[in-house]
Amino acid sequence: MCSELPPSPTAPVTKAEKYSDPTRVFNSDGVENSKLELSIESKSEQIIGLEDVGVVSQEELRKIHRKIDKRILPWLCITYLVMRIDLNNITNAAILDEERGDDIKTQLQLTAQDWAWAIACFYYPYGFLEPFSTLFIKSTTPSFWIGRIMVTWGIIVCCIATVQNYAGLISTRVLLGAAEAGYYPGVIYYLAFWFKPEELALRVAVFYSFGQVSGFVGGFLAFAVSFASGVLPGWRWLFLIEGIPAILMGLATFFILPDFPQTAKFLHDKEREVVIQRLSKNAPSKMAKTWDRRQVVKLFRDPTFWTFSATWFCHAIGGFGLSYVLPTVIYDLGFTTTALSNVLSMPPSLATFVLLNLLGWLVQMRKWNPYWVAIGLEIMNIICYVLLLTVNDVIIRYLALLVSTATAGSVYPILWPNRVKAAHGTTAAGIAIGITNALAQFSGILGPQVFLSVYGPTYKFSFLVCVGLLAGAVIFIAMSGALLAELGFQRTKVIDKQRGRG
C-alpha cells in the first residue's frame with residue numbers, strides 16, 4: 001500500500017505545489033521529464049493514473065505484466081531456441097565426422113570458398129526481406145505470420161538433409177533465408193505492441209539468451225549425432241532431427257500465441273485498457289495503419305537511424321562474425337577431434353546466456369545505462385581479440401574466445417529497447433527494426449569471409465579486422481546515445497539543478 005494517497009483527480013494542483021514536489025523533475029523550459037521522474041521515484045509508491053481506467057497501482061501493473069509474460073515469453077523463447085539451432089546447425093555440420101570422410105564438405109566436394117558461400121547465401125534473402133516480413137506481423141497477425149515462418153523453415157531444413165551437390169545446398173540455403181526472414185525482428189516489433197521500450201530490456205535479454213543456448217544444444221546434438229552415422233551420414237541426421245520440431249511448433253503457434261492487447265482473451269477488459277493506454281502515442285498499435293509514408297521519410301531523416309545502423313553493421317562483423325565459424329576456429333586452435341571441438345563450442349553459449357540475463361536485469365531493474373553497458377562490452381571484446389592476436393597458449397586463447405563470444409552476444413539485446421524507442425510510429429518502428437536487424441546479417445555474409453580457414457590457425461588478419469570494426473561500433477554507440485540525450489550527462493545536470501547544485 002502507498003503511504004500517501006494521490007491528490008483527487010478533480011483537485012487542481014498549483015504551480016508552487018507542482019514545482020516543489022521532490023519526485024518530479026522539469027527541464028529548463030518547465031516541462032516535466034517523465035524519464036527523470038521514473039529514475040528518482042520510489043517504486044513502492046508509484047501510482048499510475050490512466051484515462052478511462054482510473055488509478056492503477058504499481059503492484060497491479062506488475063500482476064498484469066506477469067500475466068502477459070507467462071502467456072507470451074515462454075513460447076517465444078522456446079521457438080527462438082529452435083530457430084537458432086536450425087540457423088546455426090550448418091556451423092556444427094561443417095566438421096561433423098570429418099575424420100571419417102563423411103562430413104558435408106567431403107561428400108559434396110566443397111572448397112573453402114564454396115563453404116563460405118554456402119553460409120553467406122542464406123543472409124542475402126534473409127536481410128533483404130526482413131523489413132517487409134516484419135511489417136507482415138501487423139498486416140496479418142503475429143500468430144499466423146510467426147507460425148508460417150516456422151513451418152516453412154522447418155520443411156526446408158529437412159530438405160537440406162537430402163541435397164547431393166553444391167547447387168542443391170546453395171538453393172536450399174537461399175530458400176531457408178527467405179523463409180526465416182522476419183522472425184527475430186518480428187518478435188521485437190510484436191513486443192513493442194505490449195510494453196514500453198524501457199520495459200523491454202530484461203524481456204529482450206531473456207528471449208535473446210535462449211537463442212544463445214542454441215549453441216549449447218546444437219553442439220550437444222552434433223556431438224551425439226557423430227555417433228549415429230550408419231544408414232545416413234551424421235550431417236544428414238542433424239538436419240532432419242533439427243527440422244521436424246520447427247514444423248510441429250509452427251503449427252502450434254497458430255493456436256498458442258496471442259496477437260495484440262486489443263484481442264487478448266486472457267486479459268480482462270480493464271487489463272487490456274491498462275496495457276493499451278500506458279503505451280506512448282508513438283508506440284506501434286493494432287489500430288494504426290500498417291504503411292505511413294510520412295513516418296518512413298521522417299525515419300530516414302533521423303540521424304539516429306544511421307548511427308544505430310552503423311552500430312549494428314560494425315558489431316555484426318566485428319563481434320558476431322566469429323560465431324558462424326566457432327567450432328572450426330576452436331578445432332584449428334589445436335583441440336584433437338571435431339567431436340571435442342563441437343563440445344567446446346557449448347560453454348561460450350552458456351556464458352552468453354548467463355551474462356545476457358544478468359545485464360538485462362541490471363539495465364531494467366537497476367537502471368544501468370544501456371549505452372555505457374554496450375560500450376563496456378565492446379571494449380572487453382576488443383581486449384579478448386588482442387589476446388587472441390598476441391597469446392599462443394591454447395587454453396588462454398580458448399578462454400578469450402569464451403569471453404568474447406559472451407560479450408558479443410550481449411550487445412544487441414541491451415541496445416534493442418533504445419533502438420525501438422528512437423522510432424516513432426507503427427510503420428517507422430517496423431521498418432527501423434527490420435532494417436536494423438537486416439544489417440546484423442552481415443555477420444553471416446562477411447563473417448565467414450573474414451574467418452576463412454586460409455587465415456587459420458592463428459586468424460590474426462581476422463581478429464585485426466574485428467578490432468577495427470568494434471572500435472567503430474564504440475563510436476557509433478556513443479553517438480546514438482548523445483543524439484538521444486541518453487548517455488546520462490544531461491540527466492545528472494538537470495537533477496543537480498533541481499536540487500540546487502547547478
query = Among (1) free of Cβ contacts under 8 Å to residues at least 24 places away in the same chain; (2) touching a Cys at 6+ places or on another chain (Cβ under 6 Å), which single condition is Val403 missing?
reply = (1)
request  = Starting from residues that are more than 24 Å from Tyr208 (Cβ to Cβ) and in contact with a Pro (Cβ under 6 Å, 6 or more places away or on another chain), keep the ones in the stretch 78-106 and report whichever is most open to solvent (accessible area, probe 1.4 Å).
outcome  = Asp102
key: Residue among Glu273, Glu242 that alone is assigned to a helix (DSSP H, G or I), of a type in the set (Asp, Glu) and more than 30 Å from Leu61 (Cα to Cα)   = Glu242
task = Take Trp306 and decide whether it is closer than 17 Å to Arg419 by Cα, among the aromatic types (Phe, Trp, Tyr), out of contact with any Cys (no Cβ under 7 Å at 6 or more places or on another chain) and surrounded by fewer than 17 Cβ atoms within 10 Å (Cβ to Cβ).
result = yes
request  = Can you give me the number of residues within the stretch 356-374 that are open to solvent by 50 Å² or more (accessible area, probe 1.4 Å) and assigned to a helix (DSSP H, G or I)?
outcome  = 4
task = Check the stretch 306-316 and report whether any residue there is under 24 Å from Ile95 (Cβ atoms) and at pLDDT 90 or above.
result = yes
inquiry  = For the stretch 155-166, which positions are aliphatic (A, V, I, L, M) and open to solvent by 60 Å² or more (accessible area, probe 1.4 Å)?
reply    = Ile155
remark   = Filtering the stretch 198-238 for residues that are of a type outside the set (Ser, Thr, Tyr) and at pLDDT 90 or above leaves a count of 9
request  = Restricting attention to the stretch 214-251, report how many residues are farther than 16 Å from Cys158 by Cβ, within 24 Å of the chain's Cα centre (by Cα) and open to solvent by 40 Å² or more (accessible area, probe 1.4 Å).
outcome  = 3
key: Set Leu191, Leu169: member being within 22 Å of the chain's Cα centre (by Cα) and open to solvent by less than 30 Å² (accessible area, probe 1.4 Å)   = Leu191
query = Does any residue in the stretch 387-398 that is in contact (Cβ under 8 Å) with a residue 24 or more places away in the chain and of a type outside the set (D, E, K, R) come within less than 6 Å, Cβ to Cβ, of a residue that is part of a helix (DSSP H, G or I) and open to solvent by less than 80 Å² (accessible area, probe 1.4 Å) six or more places away or on a different chain, and which pairs are these?
reply = Leu388/Arg397; Leu388/Ala400; Leu388/Phe463; Leu389/Phe463
query = When Gln109 is evaluated against the numbered criteria (1) in a helix (DSSP H, G or I); (2) surrounded by fewer than 17 Cβ atoms within 10 Å (Cβ to Cβ), which criterion, by number, is the only one it fails?
reply = (1)
inquiry  = Yes or no: the stretch 405-421 includes at least one residue that is surrounded by fewer than 23 Cβ atoms within 10 Å (Cβ to Cβ) and under 30 Å from Trp291 (Cα atoms).
reply    = yes
query = Is there a residue in the stretch 94-116 that is within 28 Å of the chain's Cα centre (by Cα) and within 20 Å of Gly250 (Cβ to Cβ)?
reply = no
query = Any idea which residue in the stretch 422-438 is farthest from the chain's Cα centre (by Cα), counting only those that are hydroxyl-bearing (Ser, Thr, Tyr) and crowded, with 24+ Cβ neighbours inside 10 Å?
reply = Thr426
ask   = How about the stretch 120-135: which of its residues are assigned to a helix (DSSP H, G or I) and either buried (at least 20 other Cβ atoms within 10 Å of the Cβ) or among the small types (Gly, Ala, Ser) (or both)?
value = Ala120, Tyr123, Tyr126, Gly127, Glu130, Pro131, Ser133, Thr134, Leu135
remark   = The residue that is nearest to Trp312 (Cα to Cα), considering only those in the stretch 439-470 that are open to solvent by 20 Å² or more (accessible area, probe 1.4 Å) and modelled with pLDDT of 90 or more, is Leu439
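The values are calculated or read from the model by the stated rules, or taken from the named source; none is laboratory data. All values reported here derive from a predicted model rather than from experimental measurement. Here Cβ is always computed from backbone atoms with ideal geometry, including for glycine, and neighbour counts include all displayed protein chains. Keep in mind that these areas ignore ligands, DNA and RNA; they rest on the heavy atoms of the full protein, side chains included. Shrake-Rupley method; radii C 1.70, N 1.55, O 1.52, S 1.80 Å.
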